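The values are calculated or read from the model by the stated rules, or taken from the named source; none is laboratory data. Since this is a predicted model, take the numbers as computed values, not measurements. Reconstructed Cβ throughout: ideal geometry from the backbone, glycine too, with neighbour counts over all protein chains shown.
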């Protein structure tokens, strides 16, 4: 049998079906159980469903009794090598020992259960994904094969919308709205490893009833991908988070402090330590391990032709020059934003976000025509990236390098090969924190040597380690956008305030739609907000109010240690059109922690809007 389009929506069998097609669909079955009591006086069918997240249980009436179920913090994977093809309307063996905690909690909450019998124990397998979001979209490795699976106990709630948007995706050839959080391309093939999945899903099921703390990190299936600096940074107090499997330093604990994050909706325990990292970057020099960046080489006779078609900005620049650009779809909305460095006439180096590794590779690949001679290679694992940022970064680099590192000889937005001690690195003068500095791209086997050389030479400049929480705080102070937060397939560069990164003189994918959008008024606009209460916190997804009326949500937020207040970004929306008068004549508040906090709106960076720090 042949079909033009196939949708795999076989529940927990979908992973095995995908493997038969050479497609990775990372999901794995977990034992999920509930019990039903004998009939109890006073229980009737109109009673509401109850939940007690603290006890990890839910309950409702069933056949005159009580159905008691659980989302325990630690679950049991269904330890089966391959799900039997004939496993239909069957159950697993009851596990009363595992259910002991939910049963005790239920009896404490509903006293009648203390003396009731439970003639029915339902233990059924249900598939879960590595991040607790379901999987949708076209498989990057097989065109016209779509997936709708791994609904993680929310299939009934999400099924109607998922079916609608998947149908529109198939008909339109691209996602009809921002579906990145469920897109299959957020996963890599290695995440379909059965050992990895068995470990991770033990944690995932219970997240339904766990507190959704800001910055919460998964605890299982960790230490899969590590930079060569990992052990060195761990010894210096690094507290690691995980992004697409990469272990990345979030923050650094000083001597005598455990590098363990204590979650909170207010200031978390790392707050003063990140403040110190920001201060080191702003006043001296800091080193950031940014190895997790996804990185590609695009080469071939038609490499420039391809990139000019995909990129909104002009990448036909001299060798050694870097270009920040977006890639857009036919609707003129973002598919990605990235940095392109021209290495040679027909060779380019692309640097994009950690989470975008599969997505961007797929987007570029699917847009290479049969007539084009282009080779795209993922070189992420072969390259360590060290950010060297701060006002003392030029002095440090001058000490280590034989090259002239001054702004005149090595201007912002350019790339050169330099010696860093005994290591040769591709040095790229750009920044994501708003200070003068370089990203050093180094062969992986020499990354640790380069780091040691930087730390030794930087001692006289007060060099410090800094992590991704500090990066996030400083990029928000500079108003720098981030994919998956400020930028998505729902946003255009005009709405995002990134029109400066468009070269309207050339043709590119999405230009027609953007010209049409450019001719009319915007209905939303990205802005930066600084809270007037220095004690308030922002994390992202907080309501934005203008004159007391909701006009949007923050896309991301953090405490700006340099400006002494929480700073966030978000889209202000108005169906009647966004004008400067609308933006600046209103009084803004952001609702955080149950309170409305006055905020100041700006279209400019709160920190160094004239870029004087960068261009020194």
Would you mind stating whether residue 105 is over 16 Å from residue 14 (Cα atoms), modelled with pLDDT of 95 or more and either touching a helix residue (DSSP H, G or I) at 6+ places or on another chain (Cβ under 7 Å) or not assigned by TED's automatic domain parsing to the domain that holds residue 72 (or both)? yes
Being part of a helix (DSSP H, G or I) and in contact with a strand residue (DSSP E or B) (Cβ under 9 Å, 6 or more places away or on another chain) is the filter here, so list the residues in the range 476-499 that pass it. 476, 477, 493, 494, 495, 496
In the range 302-321, residues that are out of contact with any helix residue (DSSP H, G or I) (no Cβ under 8 Å at 6 or more places or on another chain), within 16 Å of residue 336 (Cβ to Cβ) and crowded, with 22+ Cβ neighbours inside 10 Å total 2
Say whether the condition of being touching a residue at least 40 places away in the same chain (Cβ under 8 Å), surrounded by 19 or more Cβ atoms within 10 Å (Cβ to Cβ) and under 40 Å from the mean Cα position of the chain (by Cα) is met by at least one residue in the range 84-94. no
Identify all residues within the range 554-581 that are buried (at least 16 other Cβ atoms within 10 Å of the Cβ), farther than 17 Å from residue 480 by Cα and out of contact with any strand residue (DSSP E or B) (no Cβ under 6 Å at 6 or more places or on another chain); write none if there are none. 574
For the range 396-453, please list each of the strands (runs of 3 or more DSSP E) lying entirely inside it that holds at least 3 residues being in contact (Cβ under 8 Å) with a residue 60 or more places away in the chain and closer than 22 Å to residue 226 by Cα. 437-443
Answer with yes or no whether residue 238 is buried (at least 17 other Cβ atoms within 10 Å of the Cβ) and within 30 Å of residue 76 (Cα to Cα). no
Odd one out for residue 187 among (1) surrounded by fewer than 16 Cβ atoms within 10 Å (Cβ to Cβ); (2) closer than 27 Å to residue 242 by Cα: (1)
Note on the range 358-388: residues touching a helix residue (DSSP H, G or I) at 6+ places or on another chain (Cβ under 6 Å) and within 25 Å of residue 497 (Cα to Cα) are 359
How do the pairs read when you match residues in the range 163-180 that are touching a residue at least 12 places away in the same chain (Cβ under 8 Å) with residues anywhere that are surrounded by fewer than 14 Cβ atoms within 10 Å (Cβ to Cβ), using Cβ under 7 Å and keeping only pairs 6 or more apart or on different chains? 165/177; 170/5
State yes or no: is residue 355 farther than 25 Å from residue 283 by Cα, touching a helix residue (DSSP H, G or I) at 6+ places or on another chain (Cβ under 9 Å), in a helix (DSSP H, G or I) and at pLDDT 95 or above? yes
Checked the range 97-133 for anything closer than 17 Å to residue 56 by Cα, assigned to a loop (DSSP other than H, G, I, E, B) and in contact with a strand residue (DSSP E or B) (Cβ under 7 Å, 6 or more places away or on another chain); matches are 99, 110
